[in-house]
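Here's the structure we're looking at; comments come further down.
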Amino acid sequence: MRRDVFQAIADPIRREIIDILSESELSVNTIAEKFDISRPAISKHLKILDECGIVSITKRGRERFCYVNHKNLIPAFLWIEKFHKQWEERINSFEHYVNQLKNKKESE
């Protein structure tokens, strides 16, 4: 199955894993210790993140270590940023409208 960055960030657990790994590379066991779900469930989330290219997993000895491929998050960031700008403009416009109403009411 082909997965993409949007599938990676769709789940709150995976977003939290990305956030945790954005600080530094960690072992699968260390990541699993930070959650109240089973290690196999964390491994499943990591597999999806790996398939999406967001996280890479390397094996060193018996341990598997994970790190974030930040550049692969860029498509999602650009898409979200577009909507962020639109909403910011709309909120600013609404704020301006509310201030006009407030000033009009105060001047009456």
Flagged in the range 27-58 as surrounded by fewer than 18 Cβ atoms within 10 Å (Cβ to Cβ) and not in a helix (DSSP H, G or I), in numbering order, are Ser27, Lys34, Phe35, Asp36, Ile37, Ser38, Gly53, Ser56, Ile57, Thr58
Check whether at least one residue in the range 83-99 is loosely packed, with under 10 Cβ neighbours inside 10 Å and in the same structural domain as Ser22 (by TED's automatic domain parsing), and report yes or no. no
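Please find, among Glu51, Glu95, the residue that is among the charged types (D, E, K, R), modelled with pLDDT of 85 or more and under 25 Å from the mean Cα position of the chain (by Cα).
Values: Glu95 fails: under 25 Å from the mean Cα position of the chain (by Cα).
Going through Glu51, Glu95 in turn, the sole match is Glu51.
Quick check: anything in the range 59-72 aromatic (Phe, Trp, Tyr) and either surrounded by 14 or more Cβ atoms within 10 Å (Cβ to Cβ) or under 24 Å from Ala10 (Cβ atoms) (or both)?
The first filter runs over the range 59-72 and keeps only residues aromatic (Phe, Trp, Tyr), leaving 65, 67.
Right, trim to either surrounded by 14 or more Cβ atoms within 10 Å (Cβ to Cβ) or under 24 Å from Ala10 (Cβ atoms) (or both) and you get 65, 67.
Yes, some residue in the range 59-72 is aromatic (Phe, Trp, Tyr) and either surrounded by 14 or more Cβ atoms within 10 Å (Cβ to Cβ) or under 24 Å from Ala10 (Cβ atoms) (or both).
The values are calculated or read from the model by the stated rules, or taken from the named source; none is laboratory data. Every value quoted in this text rests on a predicted model; they were computed, and no experiment measured them. Please note: Cβ atoms are built from the backbone with ideal geometry, for glycine as well, and neighbour counts cover all protein chains shown.
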